1. Which one is right for this structure if Rg and Dmax of the Cα atoms in Å is calculated from it: (i) 19.8, 70; (ii) 16.3, 56; (iii) 15.2, 50?
2. So what is the 222 nm mean residue ellipticity for the chain from helices alone, if each DSSP H run of at least 4 adds -39500 (n - 2.57) and you divide by all residues, rounding to the nearest 500 deg cm²/dmol?
3. What whole-number value in Å² describes the accessible area per residue of the chain for a 1.4 Å probe?
Amino acid sequence: MSTVSIAFRVNGIDHRLSIEPRRLLADVLRHDLGLTGTHVGCEQGVCGACTVLLDGELVRACLLFAVQADGCEVTTIEGLSTAGALHPIQQAFIEEFGFQCGFCTPGMILAAYRLLREVARPTPDEIRRGLSGHLCRCTGYADIVQSVQRASALVQAASEGAHRGR
């Protein structure tokens with residue numbers, strides 16, 4: 001099969017690849033770029049494990065051809081941490097036990113990241129709606145909701161600290 005050239009930025013790093021047009025974004029991220037935090041579960045866009053941000057919007061990487069990301073900015077779970085430090089949302093999921101097996105966790109964290117960009121202090125109902133497209137088969141979701149509430153507090157504290165430091 002013929003290949004096409006794509007160029008996109010993933011987690012702040014520019015990439016140029018020659019790929020078959022039928023390749024899914026999830027497969028390119030995992031197999032070509034080694035970003036295995038993007039999990040492939042149902043392969044039908046239902047579970048949310050493959051969620052990434054494409055130009056800031058949540059997308060299912062198992063449903064998107066990689067060529068559709070040409071010229072775009074992609075953020076995976078690996079792109080949230082900086083200089084080896086966990087993002088406050090990642091830290092909150094650890095502190096509040098918002099995961100068990102961890103398979104759904106990257107998608108949940110990215111959905112929480114997007115939610116917290118829109119709603120600084122979401123209510124438990126807003127959190128449930130924000131994560132409604134993500135399935136977890138291990139936890140009862142209560143710890144996940146608590147994790148997002150804790151993340152909200154951590155993000156707010158970090159933001160306030162950054163504003164004071166100016």
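The values are calculated or read from the model by the stated rules, or taken from the named source; none is laboratory data. Owing to the predicted nature of the structure, the values given are computational and were not obtained by experimental measurement. All accessible areas refer to the heavy atoms of the entire protein, side chains included, with ligands and DNA or RNA removed. Shrake-Rupley method; radii C 1.70, N 1.55, O 1.52, S 1.80 Å.
1. Recomputing Rg and Dmax of the Cα atoms in Å here picks out (ii).
2. -10000 deg cm²/dmol
3. Using a 1.4 Å probe on heavy atoms only, each residue of the chain averages 52 Å².
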